[in-house]
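Every number here is computed from the coordinates shown, using simple stated rules; none is lab data. Keep in mind the model is a prediction, meaning the values are calculated, not measured. With ideal geometry, Cβ positions are generated from the backbone for all residues, glycine too; neighbour counts draw on all protein chains shown.
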């Protein structure tokens, strides 16, 4: 009798573990897809950089153009997904505009 009671419990435990392990991956993907909502106009350069780093972007700042460039590649087999972000800054290094583009890259 104890075997039949442990099977449903193990099944529920396995489902919970699978759900928890998938949450971190989805969060990063969702983060990149919603970066435009996370970085608002008027945000400081430091805030924008922190949000981009949280989502796994590589960042390059061009101070001459007051522009922040970010790039993120999610490797896939055979297709990869690339997301690029361009953030225009004003003279006080505050966000003026956020543009996001993404696409699929195949061999």
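Taking 0.36 nm per residue of sequence separation and removing the Cα-Cα distance, the residue 99/residue 41 pair yields an extension gain of 19.7 nm.
If you plug the beta carbon distance of residue 50 and residue 92 into 1/(1 + (r/R0)^6) with R0 = 25 Å, you get a FRET efficiency near 0.90.
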